[in-house]
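Visitor: Have a look at this one.
Nothing in this text is a laboratory measurement; each read-out follows from the coordinates by a stated rule. Note that the structure is predicted; figures quoted are calculated from it, not measured. Quick reminder, even Gly has a Cβ in these numbers, built from the backbone with ideal geometry, and neighbours come from all protein chains shown.
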Amino acid sequence: MRWEYPELKGLKHVKMKNVLLLGFMGDNFLKKKIHVWESAKSVIKIDENGKIVSTSEPLVKYCPIRNHLYKVDRITTRDIKKSMEWKIKNLGMCNKNRILTSKIAGVGYGASECFMTALDKKLLDVAVIVCEGAGTIISNNKDVIQGVGFPMNALISTFPIKEIISRLEKLGVIIVDPENASIYQINGVKKAIDLKYKRIGVTIAGPNCEAIETLRNFEEKYKVKILICVVHTTGVKSTDEKYLKRADIVQSCASKIIRIDLENKNKYLSKYGNKIPVYAYTKFGQKILDERNKEMKKNPPSIKIGDKIPNNVPEPLL
């Protein structure tokens, strides 16, 4: 896994059990129970009591969705902290009361919304996603996929919360590594294959897009179909292009590579949405997004920006 923050001085990378943990020199990070998130390229640390212990300066300064939701013209650490505190208080993020099921679509083409529609239309059998307090999880319950997925920012690392794990298991969810709550999507897909699922959706974070090559090899080796949705793509490198083009669905976020370089090369089949475009790179991805389009006409998402925001593009693109 590859999460890079060259702008943060003193950062060390520690790889442990297939999870890249981020910590600062001298803060005893590895001895603490800390959830590490990223939002607008700000690193957020939340302790076991659900308290935000640190928030770094966001590198993305403007986001049309944040502008719509929070009326924020310029993103600051205060805004990042405030929105995360709202999720902790109202959605139970990072604690035992965390929301786990939902029937409401948050946005138009989010990963969980696409998976929810694909499961409903029998285009997928199961999805492999991530949840704080549990790590990589596997579920064929569309309400779980949406409940877990819609409030998520980029989750870098987490630790087990026994109440979340227990509640998920009662909902029929498979926790891939309940002992460590590790985030490792390749293991999640392999577990789903071992459970005899044939059509598997999986989220892959942009910094980890090398995993796409392994997943495509799984398809050939195990005779399965994998829908790869790349999320949290802000900051992906030009060297990632060869992997991104093998995904099914790629979210643009604030990525210069995706929004400008790949778009100008016409490497995608279809483009969906205006503010935070989502791209289909395969016929399978296109079919899922087309179905999502149809579903949105019947059941519009709760967050619909439309033409209310004059500036459609995040700033800066990274």
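Visitor: Only loop residues by DSSP count here, and only those with at most 11 other Cβ atoms within 10 Å; note down the GluC sites (Glu not before Pro) in the stretch 171-260 that meet that.
Guide: For GluC sites (Glu not before Pro) across the stretch 171-260 that sit outside H, G, I, E and B with at most 11 neighbouring Cβ atoms in 10 Å, the list reads E179.
Visitor: Let me ask you something else. Specify whether the C-alpha gyration tensor of the chain places it in the rounded, prolate or oblate class, a ≥ b ≥ c being the square roots of the eigenvalues: rounded for a/c under 1.5, otherwise prolate if a/b is larger than b/c and oblate if not.
Guide: Since a/c stays below 1.5, the shape of the chain is classed as rounded.
Visitor: Given charges of +1 on the Cβ of Lys and Arg and -1 on the Cβ of Asp and Glu, with all other atoms neutral, how large is the dipole of the stretch 111-298 about its Cα centre, in debye to the nearest 20?
Guide: Its charge dipole is roughly 720 debye.
Visitor: Taking the alpha-carbon distance from K162 and a cut-off under 14 Å, which aspartates and glutamates remain once sequence neighbours fewer than 8 residues away in the same chain are dropped?
Guide: The reachable aspartates and glutamates, counting only those whose Cα sits under 14 Å from K162, are E48, E132, D177, E179.
Visitor: What list do you get for D79, D47 if you sort them by fewest beta carbons within 10 Å?
Guide: Ranking D79, D47 by Cβ neighbours within 10 Å, fewest first, gives D47, D79.
Visitor: Same structure, new question: In nm, to one decimal, how far is the modelled label at K122 from the one at L91, with both set 7 Å along Cα→Cβ?
Guide: Distance between the two pseudo-spin positions: 3.2 nm.
Visitor: Just to verify a number: FRET efficiency for T214 and K297, C-beta to C-beta distance, R0 = 41 Å, to 0.05?
Guide: Values: r = 36 Å, r/R0 = 0.89.
Using R0 = 41 Å, I get an efficiency of 0.65.
Visitor: Take F150, F284 and order them by how many other Cβ atoms sit within 10 Å, fewest up front. Let's see the in-between values first.
Guide: Details: F150 22, F284 18.
Lowest to highest Cβ neighbour count: F284, F150.
Visitor: Right, here's the next one. What is the distance, in nm, between label points placed 7 Å from the Cα along the Cα-to-Cβ direction at K170 and at K71?
Guide: About 3.9 nm, to one decimal.
Visitor: Compute the FRET efficiency between D290 and N266 as 1/(1 + (r/R0)^6), taking r as their Cβ-Cβ distance and R0 = 25 Å, and round to the nearest 0.05. Intermediate values should be presented prior to the final figure.
Guide: Details: r = 19 Å, r/R0 = 0.76.
The pair D290/N266 has a calculated efficiency of 0.85.
Visitor: Give me the aspartates and glutamates in straight-line cross-link reach of K245: C-alpha distance below 20 Å, same-chain residues under 8 apart excluded.
Guide: E210, E213, E219, E220, D261, E263, D290
Visitor: Give K221/K242; K33/K81; K122/K190; K33/K196 a once-over and call out the pairs whose C-alpha atoms are over 25 Å from each other.
Guide: Working: K221/K242 21 Å; K33/K81 19 Å; K122/K190 21 Å; K33/K196 34 Å.
Going by Cα-Cα distance, K33/K196 fall outside the 25 Å limit.
Visitor: Suppose R0 equals 35 Å; then what is the FRET efficiency for V53 and K223 from their Cβ-Cβ distance, rounded to the nearest 0.05?
Guide: The computed FRET efficiency comes out at 0.15.
Visitor: Can I ask one more? Points 7 angstrom from Cα along the Cβ direction at R246 and E315: gap in nanometres?
Guide: Computed distance between label sites R246 and E315 equals 3.8 nm.
Visitor: Here are some pairs, K71/K294; K87/K294; K267/K294; which of them have Cα atoms lying more than 26 Å apart in this structure?
Guide: Pairs exceeding 26 Å: K71/K294; K87/K294.
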